[in-house]
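What follows is a single structure, written as structure tokens, with notes after it.
The values are calculated or read from the model by the stated rules, or taken from the named source; none is laboratory data. Everything quoted here is computed from the prediction, not taken from an experiment. Note that we place each Cβ from the backbone using ideal geometry, even for glycine, and neighbour counts take in every protein chain shown.
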Amino acid sequence: MYQVLLIITILLTILYGLLILLYRRWFLELPVFESKPDLEPVTHISIIIPARNESENMNRFLPSILEQHYPAELFDVTVVNDHSTDDTSLQVKLLQENYPNLYLIELSEHLDKTTNAYKKKAIEIAIAQCKGDWVLTTDADCMATSDWLLQYDAFIQQEQPVLVAAPVMFFNTGSFLCLFQVLDFLSLQGITAAAVGAGSHAMCNGANLAYQKKAFYEVGQFQGIDHIASGDDMLLMQKIKQRYPGKLGYLYDSKAIIQTTAMPDWKSFFNQRIRWASKASGYQDRSIFWVLLLVYLFNVSLVIVAVYGFFEEDAWYQFLWLLGIKTVVELSFMIPVARFFGLKNTLVWFPVMQPFHIIYTVIAGWLGKFGTYQWKGRKLQ
């Protein structure tokens, strides 16, 4: 029995290694975006920020969104207060005194029944009221560079897309949990960019995502995916991709990076990752499904081999060899990704995090498919 398992694990290791090496090649082939000099801004952009119990973040991060090197008449910001139990609304109103292009919507005034997708409803309601031709979504705990909108405008003018994804990264506080999240998210962001380098758009993040308002309506808004709590980004991107093949873009530029806060504790972290994993059943692009399945089965097989190590000494040594191969192959991919985000120094922790990452992948993947989770004080599925 164990010998069969070992053969399967070795085969999965080979397939996984080849996949990671392909991702590395594709990432390195993706050119950094260069805007044309003296390009005048013309795109009217409406930024939408769903917020639930984000009072502390309003003064901390929202000013970076509002204080852009971009004409004030060409952008507006709408915060949608999602039934907050703190004074999120009050903090937004105080900021409105200094920022006339900042708007506030109370979701409770537009929603008369419970739903499994509050964030999608918040975005739909805000889009119906916003003024811009383009919608740009982000989160209340995110910080932007001062040239964020300028880069989006230049990309839109030069590339003529209908949807633009852009990079996201966590603030690095240096704690063990934060470093774990940074390294995990580096790999996700690297894969997002690598897929674009391969000529496809497989992933994106709603903390830094823009799309044409008319395209949002032409694909039926969130219809068909509004029963899933998560997926306001990737599942919507898939709908737009089907309607507009070849018209999606990726803003691969350090000035376009959005920084966000990592989860403060392990419970919140797992709930976030389970929430992300829960939208996997909604992927229409089957290539994403098969990649996720390969990654999951590979990690499950490593866990089983490690468990056999408590009963068979050879199994433990074989597990260490497989873990070493996994680490070396992944590092070859992570180094250029970390270089882009200015986080190469975090890679010293990468080998240390490997066992934790394997266990987390198995647990989060399983619960994302079959479990429930808590998010912003709500129990969702």
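Remark: pairs (first residue in region 40-56, farther than 25 Å from residue 150 by Cβ; second residue crowded, with 24+ Cβ neighbours inside 10 Å and small (Gly, Ala, Ser); Cβ separation under 7 Å; 6+ apart in sequence or on different chains) = 54/140. The single condition from (1) surrounded by fewer than 16 Cβ atoms within 10 Å (Cβ to Cβ); (2) in contact (Cβ under 8 Å) with a residue 60 or more places away in the chain; (3) assigned by TED's automatic domain parsing to the domain that holds residue 12 that residue 293 fails is (2).
Can you say whether residue 104 is out of contact with any Gly (no Cβ under 8 Å at 6 or more places or on another chain), closer than 19 Å to residue 240 by Cα and in a strand (DSSP E or B), as far as the supplied structure shows? In short, no.
Of the candidates 232, 314, the single residue that is assigned to a loop (DSSP other than H, G, I, E, B) and of a type in the set (Asp, Glu) is 232. Scanning region 35-58 for residues that are at pLDDT below 95 and closer than 25 Å to residue 196 by Cβ yields 35, 36, 37, 39. For region 311-327, a residue qualifies if it is farther than 15 Å from residue 16 by Cα and in contact with a helix residue (DSSP H, G or I) (Cβ under 8 Å, 6 or more places away or on another chain), and the qualifying residues are 312, 315, 316, 318, 319. What tally of residues in region 107-146 results from selecting those that are among the aromatic types (Phe, Trp, Tyr) and assigned to a helix (DSSP H, G or I)? Qualifying residue count, region 107-146: 1.
For the criterion of being out of contact with any helix residue (DSSP H, G or I) (no Cβ under 9 Å at 6 or more places or on another chain), of a type in the set (Gly, Ala, Ser) and closer than 18 Å to residue 272 by Cα, residue 229 fails.
Okay, residues lined up against (1) modelled with pLDDT under 95; (2) polar (S, T, N, Q):
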position	(1), (2)
25	no, no
60	yes, no
78	no, yes
119	yes, no
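Here are the criteria: (1) in the same structural domain as residue 56 (by TED's automatic domain parsing); (2) within 30 Å of residue 247 (Cα to Cα). Tell me which single one residue 187 does not satisfy. All conditions pass for residue 187, except number (1).
Can you give me the number of residues within region 71-91 that are over 25 Å from the mean Cα position of the chain (by Cα) and either under 28 Å from residue 42 (Cβ atoms) or not small (Gly, Ala, Ser) (or both)? Even if it seems obvious, please write down each step before you answer.
First, pick out the residues of region 71-91 that are over 25 Å from the mean Cα position of the chain (by Cα): 71-74, 85-87, 89-91.
Going one step further and asking which of them are either under 28 Å from residue 42 (Cβ atoms) or not small (Gly, Ala, Ser) (or both), we end up with 71-74, 85-87, 90-91.
Qualifying residue count for the region: 9.
Here region 159-210 is the region considered, the condition is being under 25 Å from residue 64 (Cβ atoms) and of a type in the set (Phe, Trp, Tyr), and the residue that is surrounded by the most Cβ atoms within 10 Å (Cβ to Cβ) is 170. In region 211-228, the qualifying residues are those that are modelled with pLDDT under 95 and in contact with a Lys or Arg (Cβ under 6 Å, 6 or more places away or on another chain), and the one that is surrounded by the fewest Cβ atoms within 10 Å (Cβ to Cβ) is 226.
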